[in-house]
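The numbers here are math on the coordinates, done by the rules we state, and not lab data. All values derive from a computational prediction rather than experimental measurement. Note that we place each Cβ from the backbone using ideal geometry, even for glycine, and neighbour counts take in every protein chain shown.
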């Protein structure tokens with residue numbers, strides 16, 4: 001029996017896959033637990049429409065994130081930090097501080113989207129990666145000054 005999966009099923013397939021399984025497994029487990037629906041022309045049309053809507057939504061999201069990328073890419077953000085002897089920075093700049101500074105500039109970037117390759121604990125310019133979406137990744141400069 002052919003079914004369309006409504007959720008990921010271990011050992012069978014991912015959501016939206018069309019698979020062939022035994023009739024008993026389909027009826028008694030997959031369909032009963034709302035993990036799949038029987039494959040028909042109507043269900044195939046519904047699936048295609050849902051995939052199209054999801055794709056259009058993702059394309060719109062990527063487009064809006066690319067606008068943010070255009071405005072922020074290679075931009076420099078300055079942080080005034082306290083230093084001790086030999087210009088040693090007290091503490092370090094965190095992803096939350098970078099996120100807060102970007103918010104002040106008008107860009108809502110969650111701290112989880114900020115990727116630090118190394119700790120920002122020395123004076124100078126550091127390259128920080130922002131991953132807003134799997135298709136939208138870019139760098140900004142973070143400058144630590146006295």
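What order do you get for 2, 54 when you list them from fewest to most C-beta neighbours inside 10 Å?
54, 2
Provide the percentage of antiparallel DSSP beta bridges, counting only those with both residues in the chain; round to the nearest 5.
Antiparallel bridges make up about 80 percent of those DSSP assigns within the chain.
Please compute the contact order of segment 1-106 in relative form: average sequence separation of alpha-carbon pairs under 8 Å and at least six residues apart, divided by the residue count, as a percent.
Dividing the mean separation by the residue count of segment 1-106 yields 17 percent.
Averaged across orientations, what area in nm² does the convex hull of the alpha carbons in the chain project?
12.0 nm²
Taking only Cα atoms and a 10 Å spring cutoff, compute GNM fluctuations for the chain and point out the largest among 47, 116, 35.
35
Nearest 5 percent is fine: what portion of the DSSP beta bridges confined to segment 76-146 is antiparallel?
Bridges in segment 76-146 that DSSP calls antiparallel: roughly 70 percent.
With 10 angstrom as the radius, rank 22, 94 by how many other C-beta atoms surround their C-beta, starting from the fewest.
The fewest-first ordering by Cβ neighbours comes to 22, 94.
Among 70, 12, 50, determine the one that fluctuates most according to a GNM of the chain built with springs between C-alpha atoms less than 10 Å apart.
Highest fluctuation among the options: 12.
Give me the mean projected area, in nm² to one decimal, of the convex hull enclosing the Cα positions of segment 2-64.
4.6 nm²
Could you work out the helix-only [θ] at 222 nm for the chain, with each DSSP H run of four or more residues adding -39,500 (n - 2.57) and the total divided by the number of residues, to the nearest 500 deg cm²/dmol?
Mean residue ellipticity, 222 nm, calculated: -10000 deg cm²/dmol.
Can you sort 109, 62, 3, 145 by how many other beta carbons sit within 10 Å, fewest first?
Listed from fewest to most nearby Cβ atoms, that is 145, 62, 109, 3.
Which of 23, 83, 95 ends up with the largest GNM mean-square fluctuation for the chain, with Cα atoms connected below 10 Å?
Checking each option, the largest mean-square fluctuation is seen for 23.
Just want to confirm a number: the relative contact order over segment 98-138, from Cα pairs under 8 angstrom separated by 6+ residues, in percent.
So the answer I get is 29 percent.
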